[in-house]
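Data block below; observations after.
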Amino acid sequence: MSRLVIAVAVVLAGPVAWAEDAASRRADQAYTSHISEGHELFTNGSHDAALRAYREALTERRDDAAATYFIACAQRALGQNDEALASFRRAAQLAGSDDEALHARALMNVALVQELRRDLVAAAEAWQVYIAYAETHQRVPTYVANARQRLEAIQRVQELDTTYDAVRQRIAEDRSDEPVNR
């Protein structure tokens, strides 16, 4: 009896495995189609439609770092900086050590979006994270020199802001000492 059960299981396993492979191939084709469509739309400036296509790709491959990265790019292009920031962070997390180049690009974009949000403290921290990652993953193409320049520029702006704060305070004090014309 047990040999019969094993024989039946072996015979039935073939079609089941084939069906699973076919479903996987269809999902891969749909994913590739959505990503390609998203790229074409993005290139043509249709960022809303590109975002929809990238999200459709993500339904085919849940937790896909590349699709998440492209979603973030579309969000940034649409000015959805808070959403883009979260998506770039998620893309870096998903890429992990499996795709170090994508991980590096996502980290770089985290810093760029922080600049767009005008959060210079967070941008400086993000650039430092990117630089540290790039220095420990030297075989990955990165833009360390550019990152260092941007970090230095942020630090200069922060220094100037500190200096100007003192000037602004003196101006406010001088204005408060002036007589009020009635």
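Taking the 0 to 90 degree range and rounding to the nearest ten, how far is the long axis of helix 100-116 tilted relative to the main principal axis of the chain, both from C-alpha atoms?
Result, in degrees: 30.
Can you give the FRET efficiency for ARG62 and THR162, using 1/(1 + (r/R0)^6), R0 = 41 Å, r = Cβ-Cβ distance, to the nearest 0.05?
Values: r = 46 Å, r/R0 = 1.12.
Computed FRET efficiency for ARG62 and THR162: 0.35.
Please list, in order along the range 47-59, the HN-Hα scalar couplings obtained from phi with the Karplus expression 6.51 cos²θ - 1.76 cosθ + 1.60 (θ = phi - 60°), rounded to whole Hz, x for Gly and Pro.
My calculation for the range 47-59 gives 5, 4, 5, 4, 4, 4, 5, 5, 5, 5, 4, 5, 5 Hz in order.
Please build a GNM for the chain, connecting alpha carbons under 10 Å apart, and tell me which residue among VAL121, VAL129, VAL113 fluctuates the most.
In this elastic network of the chain, the residue with the biggest mean-square fluctuation among VAL121, VAL129, VAL113 is VAL121.
With all pairs of different alpha carbon atoms counted, what Kirkwood hydrodynamic radius in Å does the chain show? Each step should come with its number before you reach the end.
On the way: mean 1/r = 0.0499 Å⁻¹.
Roughly 20.1 Å, rounded to one decimal.
Mean residue ellipticity at 222 nm from the helices of the chain, using -39,500 (n - 2.57) per DSSP H segment of n ≥ 4 over the full residue count, to the nearest 500 deg cm²/dmol? Kindly include the intermediate steps, with their values, before the conclusion.
Details: 7 runs with 152 residues, N = 182.
After summing the helix terms and dividing by the residues of the chain, the value is -29000 deg cm²/dmol.
Just to confirm a number: summing +1 for Lys and Arg and -1 for Asp and Glu over residues other than GLN75 whose beta-carbon lies under 13 angstrom from that of GLN75, what do you get? Don't skip to the end; give the middle numbers.
Working: positive: ARG52, ARG55, ARG76, ARG89, ARG90, ARG117; negative: ASP48, ASP82, GLU83.
Once all neighbours under 13 Å are counted, the net charge is +3.
Write down the radius of gyration of the range 52-119 and its Dmax, each obtained from C-alpha positions, in Å.
Cα only, the range 52-119: 11.2, 35 Å (Rg, Dmax).
Counting other Cβ atoms within 10 Å, which chymotrypsin sites (Phe, Trp or Tyr not before Pro) in the range 100-154 have at most 15 and lie in a DSSP loop? Before the final figure, lay out each step's value.
Values: sites: TRP127, TYR130, TYR133, TYR143; in loops: TYR143.
The qualifying sites are TYR143.
Report the extension gain between ASP28 and ALA172 in nm, rounded to one decimal, defined as 0.36 nm multiplied by the number of residues separating them, less their alpha carbon distance. Walk me through the numbers on the way to the answer.
Working: separation 144, 0.36 × 144 = 51.84 nm, distance 6.30 nm.
Full extension from ASP28 to ALA172 adds 45.5 nm.
Quick one: putting +1 on the C-beta of Lys and Arg, -1 on the C-beta of Asp and Glu, what dipole do you get for the chain around its Cα centre, in Debye to the nearest 20? Before the final figure, lay out each step's value.
Values: 21 positive and 27 negative charges, 62 e Å.
My answer is approximately 300 debye.
Readers should treat all values here as calculations from the given coordinates under stated rules, not as data from a laboratory. Because the structure is a prediction, the values reported are computed rather than measured. So basically every Cβ, Gly included, is an ideal-geometry build from the backbone, and we count neighbours across all protein chains shown.
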